[in-house]
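Here's the structure, in structure tokens; my notes come after.
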Amino acid sequence: MTVNDSHPARSRPRLSLGSSLAAAYHGVGLAGLMLAEAGLVLVLVGWVLLAVAGIASVPVGPGDGNQRTLLILLFLAVGLVIGRFLVPSVLLTLRQLASLTRRLAGEWCGVPIAESYRPPPGDPATLHYTARLRWLLTDVATWRDLLWAAVNALVGWILAVASAALIVVGGVVFLVPVVSRAVPPPAFPGNTKPTLAIIGCAMLVAGVAAAPWLLRGYGLLAATVLAPPRKAELALQVRHLSQTRSEALDTGAAEIRRIERDLHDGAQARLVAMGMTLDAAGQIIDTNPDAARALLAEARDSSVKALAELRALVRGIHPPVLADRGLGDAIAALTLDTPLRIHLASDLHGRPPAPVESAAFFAVSELLANVSKHAEARETWIDIRHTDGMLRIGVTDNGRGGADPARGSGLRGIERRLAPFDGILAISSPPGGPTAVTMEIPCELSLPKTSFS
């Protein structure tokens with residue numbers, strides 16, 4: 001099974017002109033998904049109808065046997081072609097559309113929906129036809145996707161397009177005829193310009209006001225059909241927690257090995273060399289004071305370098321500025337050491353828990369390192385916010401784009417770093433740029449420390 005994390009549900013839709021118009025626009029997009037799903041379902045329905053027609057064409061009495069046989073063979077041939085080449089692909093495409101609906105329900109409707117598909121018994125690209133069809137048809141989630149396609153075609157599209165329809169009809173059909181003769185007014189008794197203006201304005205206001213609520217209703221309807229049963233959802237959460245716990249342990253062990261290696265190859269080697277230098281200086285201090293002083297100066301330089309390496313190692317484990325000043329100031333200090341032009345905006349009224357703070361800091365550090373090495377960017381923007389119980393950090397650059405977690409370990413490492421806190425990493429990086437990375441970690445902020453004199 002797989003788990004798709006999404007945004008937490010908001011307590012109520014955001015009510016503003018911009019959010020309402022965006023909700024209407026998103027509803028039209030979801031209606032487009034409905035049309036694609038309906039087309040796929042029609043392919044499946046046609047396959048079933050062909051099978052029924054083939055069975056119904058079997059001769060049961062006297063008649064033209066040759067024509068009946070040809071008809072049966074035609075139905076069977078078309079049905080076999082559709083079943084062999086289209087049905088598994090249609091079911092897999094319908095699964096992708098349902099997964100997209102789940103994701104958009106979380107991002108646009110504020111209603112996260114878990115995903116609980118059964119994993120394939122092997123590589124889907126190499127599975128035999130019967131094994132692939134058995135895997136798809138025996139998965140309960142496949143039937144939920146089919147049920148959602150039917151419910152979406154019957155009811156969901158109404159919730160999706162109602163607000164946009166009110167806005168378009170009110171503006172075009174009623175208000176445009178008031179100011180222009182290019183569009184004739186609707187024909188009904190008393191269709192005077194004041195009446196048309198009143199009706200058009202009322203429809204516009206109703207469409208704008210209802211858009212966020214209708215979009216939220218669409219998300220709740222999708223969750224009712226597409227969400228797995230509570231037991232399956234708990235099993236998904238247990239599996240997800242087990243996986244993230246294992247990754248966190250592996251990451252911690254690797255970090256300990258890195259620290260041990262850095263100490264052994266860096267500060268420890270310098271301290272050993274410094275001890276040998278001091279021992280040599282002690283042996284010749286009476287016979288050759290000048291050479292002893294030179295050795296002592298060398299030991300002093302080694303101690304300075306060892307101290308610098310230890311400080312750098314400590315900063316790599318947990319930067320002092322992060323512990324003392326918090327996430328915003330620590331990232332601000334990080335930007336000073338980065339050869340990029342960075343615009344930082346931070347609005348944190350409090351501090352996240354220390355483990356979350358550390359994970360977020362090092363995630364931003366890794367992102368900035370990736371931008372410096374690969375993006376060829378001139379500017380970078382960092383935005384830090386905490387809203388609705390979620391720490392959100394956006395890092396955007398105007399580089400060449402094309403960032404893909406599947407092609408590099410850096411982004412995958414950030415995903416593993418955020419996973420123990422149920423954090424997610426969203427990446428938008430088309431070829432040519434820009435690259436926008438958003439990290440979200442659910443957490444609460446503690447009140448900032450205050451001192452009283």
Report task. Please find, within the stretch 390-415, the residue that is modelled with the lowest pLDDT out of those that are open to solvent by 40 Å² or more (accessible area, probe 1.4 Å) and of a type in the set (A, V, I, L, M, F, W, C). Result -> A406
Query raised in the report: Which residues, counting only those in the stretch 91-103, are of a type in the set (V, I, T) and open to solvent by less than 10 Å² (accessible area, probe 1.4 Å)?
Result: T101
Report task. State the number of residues belonging to the stretch 364-382 that are open to solvent by 60 Å² or more (accessible area, probe 1.4 Å) and either in a helix (DSSP H, G or I) or closer than 26 Å to E107 by Cα (or both). Result -> 4
Report task. Identify the single condition in (1) exposed (fewer than 14 other Cβ atoms within 10 Å of the Cβ); (2) without any contact (Cβ under 8 Å) to a residue 24 or more places away in the chain; (3) in contact with a strand residue (DSSP E or B) (Cβ under 7 Å, 6 or more places away or on another chain) that T287 does not satisfy, given that it satisfies every other one. Result -> (3)
Report task. May I ask you to list pairs of residues, at least six apart or on different chains, whose Cβ atoms are under 7 Å apart, with the first in the stretch 177-203 being open to solvent by 60 Å² or more (accessible area, probe 1.4 Å) and the second being charged (D, E, K, R)? Result -> none
Query raised in the report: Which pairs have Cβ atoms under 8 Å, sit 6 or more apart or on different chains, and link a residue in the stretch 15-39 that is in a helix (DSSP H, G or I) to one that is surrounded by fewer than 16 Cβ atoms within 10 Å (Cβ to Cβ)?
Result: S20/A209; L33/L100; M34/A153; E37/A153; A38/A153
Report task. Taking the options L296, L313, name whichever one is modelled with pLDDT of 80 or more and surrounded by 13 or more Cβ atoms within 10 Å (Cβ to Cβ). Result -> L296
Requested in this report: Quick one: S57 ticks every box in (1) open to solvent by 20 Å² or more (accessible area, probe 1.4 Å); (2) modelled with pLDDT under 70 except a single one, so which number is it?
Outcome: (1)
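Could you check the stretch 339-363 and list, in sequence order, the residues that are open to solvent by less than 30 Å² (accessible area, probe 1.4 Å) and touching a residue at least 40 places away in the same chain (Cβ under 8 Å)? Outline the logic, then answer.
Taking the stretch 339-363 as the starting set, the residues that turn out to be open to solvent by less than 30 Å² (accessible area, probe 1.4 Å) are 350, 352, 356-361, 363.
Matches in the stretch 339-363: G350, P352, V356, S358, A359, A360, F361, A363.
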Query raised in the report: Looking at L21, L86, which one is modelled with pLDDT under 90, under 24 Å from the mean Cα position of the chain (by Cα), open to solvent by 50 Å² or more (accessible area, probe 1.4 Å) and over 30 Å from D422 (Cα atoms)?
Result: L21
Query raised in the report: What single numbered condition from (1) hydroxyl-bearing (S, T, Y); (2) open to solvent by 20 Å² or more (accessible area, probe 1.4 Å); (3) touching a Gly at 6+ places or on another chain (Cβ under 9 Å) fails to hold for T435?
Result: (2)
Report task. Being farther than 16 Å from F361 by Cβ and touching a strand residue (DSSP E or B) at 6+ places or on another chain (Cβ under 8 Å) is the filter; apply it to the stretch 416-426 and report the residue that is least open to solvent (accessible area, probe 1.4 Å). Result -> I424
**Report entry** Unique residue being touching a residue at least 24 places away in the same chain (Cβ under 8 Å) and not in a helix (DSSP H, G or I) when the list is P228, P212
**Finding:** P228
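So that you can scan it fast, the table gives a plain yes or no per residue for (1) touching a His at 6+ places or on another chain (Cβ under 8 Å); (2) open to solvent by 40 Å² or more (accessible area, probe 1.4 Å); (3) at pLDDT 90 or above; (4) among the charged types (D, E, K, R):
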site: P119; (1), (2), (3), (4): no, yes, no, no
site: D123; (1), (2), (3), (4): no, yes, no, yes
site: T130; (1), (2), (3), (4): no, yes, no, no
site: V140; (1), (2), (3), (4): no, yes, no, no
site: G156; (1), (2), (3), (4): no, no, yes, no
site: L159; (1), (2), (3), (4): no, yes, yes, no
site: G170; (1), (2), (3), (4): no, no, yes, no
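The values are calculated or read from the model by the stated rules, or taken from the named source; none is laboratory data. Here the structure is a predicted model, which is why all the values come from computation and not from measurement. We place every Cβ from the backbone using ideal geometry, glycine too, and count neighbours over all the protein chains shown. Accessible surface is based on the protein model in full, side chains and every heavy atom, while ligands, DNA and RNA are left aside. Shrake-Rupley method; radii C 1.70, N 1.55, O 1.52, S 1.80 Å.
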